[in-house]
Amino acid sequence: MTIKEKRGDFRCPYKAAVSYIALGSLGQPPDKEFTSAEIMDLSDNGVRIHLKRRVLKEGTMLQVRIPMSGIQVTVPTLAQVRWIKEQSSGDYQVGLIFVVR
């Protein structure tokens, strides 16, 4: 099933664990280790992830490791946090846009 995005990009459901590390910004140092999250869906331009007990800020740059389906390989890429939506206390959906594809 493909979900049509408001801006015209198609999102494909894709459930997998993903790891990321925040690269830091002015006034915020980079993370020291990778954090795990869950991919909810993918598009040509980005990915939506689910976070528990961790908040990111809009505009934060991340190094993301996206797993390939069926094989034990991850694809590293850079992404930027575009939006954050709190689902419940401590659970968040986060939209990332790929900076390097």
Check: For the stretch 30-63, which GluC sites (Glu not before Pro) are both in a DSSP coil and crowded by at most 15 other Cβ atoms within 10 Å?
Finding: GLU33, GLU58
Checklist line | Potential extension, SER36-ARG54 segment - 0.36 nm per residue separation minus Cα distance | finding: 5.5 nm
Item checked: Choice from SER19, SER89, SER43 with maximal GNM fluctuation in the chain (Cα, 10 Å cutoff) -> SER89
Check: Considering the chain as a Gaussian network with a 10 Å cut-off on Cα pairs, which listed residue, ILE21, ILE39, ILE49, attains the greatest mean-square fluctuation?
Finding: ILE21
Next item on the list: Would you kindly state how much longer the chain becomes between SER69 and GLN87 on full extension, computed as 0.36 nm times their sequence separation minus their alpha carbon distance, in nm to one decimal?
Entry: 3.8 nm
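Read-outs: derived from the displayed coordinates by stated rules, not from any lab. Computed from a predicted structure; not experimentally measured. Using ideal geometry, Cβ is built from the backbone for each residue, glycine included, and neighbour counts are taken over all protein chains shown.
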